[in-house]
1. Pairs under 9 Å by beta carbon, first residue free of Cβ contacts under 8 Å to residues at least 12 places away in the same chain in region 112-124, partner exposed (fewer than 10 other Cβ atoms within 10 Å of the Cβ), six or more apart or different chains?
2. Is it the case that region 236-244 has a residue that's among the small types (G, A, S), in contact with a Leu (Cβ under 9 Å, 6 or more places away or on another chain) and at pLDDT below 80?
3. State all residues of region 202-216 that are of a type outside the set (G, A, S) and either in contact (Cβ under 8 Å) with a residue 24 or more places away in the chain or in contact with a helix residue (DSSP H, G or I) (Cβ under 7 Å, 6 or more places away or on another chain) (or both); if no residue qualifies, say none.
4. Here's a check for you: in region 150-182, which residue that is of a type in the set (V, I, T) and in a helix (DSSP H, G or I) is surrounded by the most Cβ atoms within 10 Å (Cβ to Cβ)?
5. Output yes when any residue across region 215-227 is among the small types (G, A, S), in the same structural domain as Q135 (by the TED database) and surrounded by fewer than 20 Cβ atoms within 10 Å (Cβ to Cβ), and no when none is.
Amino acid sequence: MDAAGPPERSLASKLAGFFAGGAVRVFLVVVALLWVTPTVGLLASSFRDPTDIAASGWWEVFSKPSQLTTESYSTLLGKEEITDALWNTVLITVPATVLVVVIGAMAGYAFAWMDFKGRDWWFVAVVALLVVPIQIALIPLADLFGDLGIFGSVLGVVLFHVGFGLPFAIFLLRNFFAEIPRELLEAARLDGAGETRLFATVILPLGGPAIASLGIFQFLWVWNDMLVALIFSDSGSRPLTVALTEQTRQFSGNIETLAPGAFISMVIPLAVFFAFQRQFVSGVMAGAVK
């Protein structure tokens, strides 16, 4: 009697094996190339002369590298309003990100591991704030900031971003910190660690991936924001997004102005993301597992 051979694989099994191999890698490479193509095109256009941009597509730079020039960047960065706007963007984004991360981490730890009266109800209130749209708070906060004398200032824009960034930060970090094993905290307390030392030596190192993910999300949101900045900033505190919009109004659709400005506005968030991508992926994967 002949030994029975291996069972014949079904069509679904063969397709699964095919897509689990090199085909998936090829597909992902193609998707990645399509995804970065607009960025490459924007970069190439930002280094081309306006006449070349009007005459041919950006891909011509690969066959005619002589088209590349830094004149557009020199013209754009030579404008004081653009350099001031870039500096204002940094002054808005960095404090808004740092404050949300620091306050969110401390509040998340308090909600996760500290007992105080009404803790659960306070956390429910924080979660409820997640559904409050930004648009309904624009006019009331504009009136409030006007009464406080901070409307149209960098401080006003920062406070708005901090206020609307904290609910998500607290919700995210509280849920992450709550998954830390209680035994670690109890061991630290037995060693004489107080709440401050416990937070600094146990919670923050273990919560590093989640904190890094939050910092990236907050940085990208604030850096790319235009709605809040358009309303709460003035000519002396406007960030780069608003300044580029005004350049568009002034020079109509001049691509030689928009291309370098848009690339400058985009390359810094990309650099931040790639600098912390390992922590970001770790935070996302940890959250998915939990």
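1. Pairs that qualify, where the first residue is free of Cβ contacts under 8 Å to residues at least 12 places away in the same chain and the partner is exposed (fewer than 10 other Cβ atoms within 10 Å of the Cβ), are W122/F116.
2. From region 236-244, those among the small types (G, A, S) are 236-237, 243; that's our starting set.
Cutting the leftovers down to in contact with a Leu (Cβ under 9 Å, 6 or more places away or on another chain) gives us 237, 243.
Now restrict to residues that are at pLDDT below 80: none.
There is no residue in region 236-244 that is among the small types (G, A, S), in contact with a Leu (Cβ under 9 Å, 6 or more places away or on another chain) and at pLDDT below 80.
3. Applying the first criterion (of a type outside the set (G, A, S)) to region 202-216 yields 202-206, 209, 211, 214, 216.
The answer is V202, I203, L204, L206, P209, I211, L214, I216.
4. Step one: filter region 150-182 for residues of a type in the set (V, I, T), giving 150, 154, 157-158, 162, 170, 180.
Now drop any that are not in a helix (DSSP H, G or I), which leaves 154, 157-158, 162, 170.
Numbers: V154: 23, V157: 30, V158: 22, V162: 20, I170: 28.
Among those residues, the one meeting the criterion is V157.
5. Residues of region 215-227 that are among the small types (G, A, S), as a first pass: 215.
Then keep just the ones that are in the same structural domain as Q135 (by the TED database); that gives 215.
Then drop every residue that is not surrounded by fewer than 20 Cβ atoms within 10 Å (Cβ to Cβ), which leaves none.
Checked against the condition, which is being among the small types (G, A, S), in the same structural domain as Q135 (by the TED database) and surrounded by fewer than 20 Cβ atoms within 10 Å (Cβ to Cβ), region 215-227 yields no hits at all.
The values are calculated or read from the model by the stated rules, or taken from the named source; none is laboratory data. Only a predicted model underlies this, so the values are computations on that prediction, with no experimental measurement involved. Positions of Cβ are generated from backbone atoms using ideal geometry, with glycine treated the same way; all protein chains shown enter the neighbour counts.
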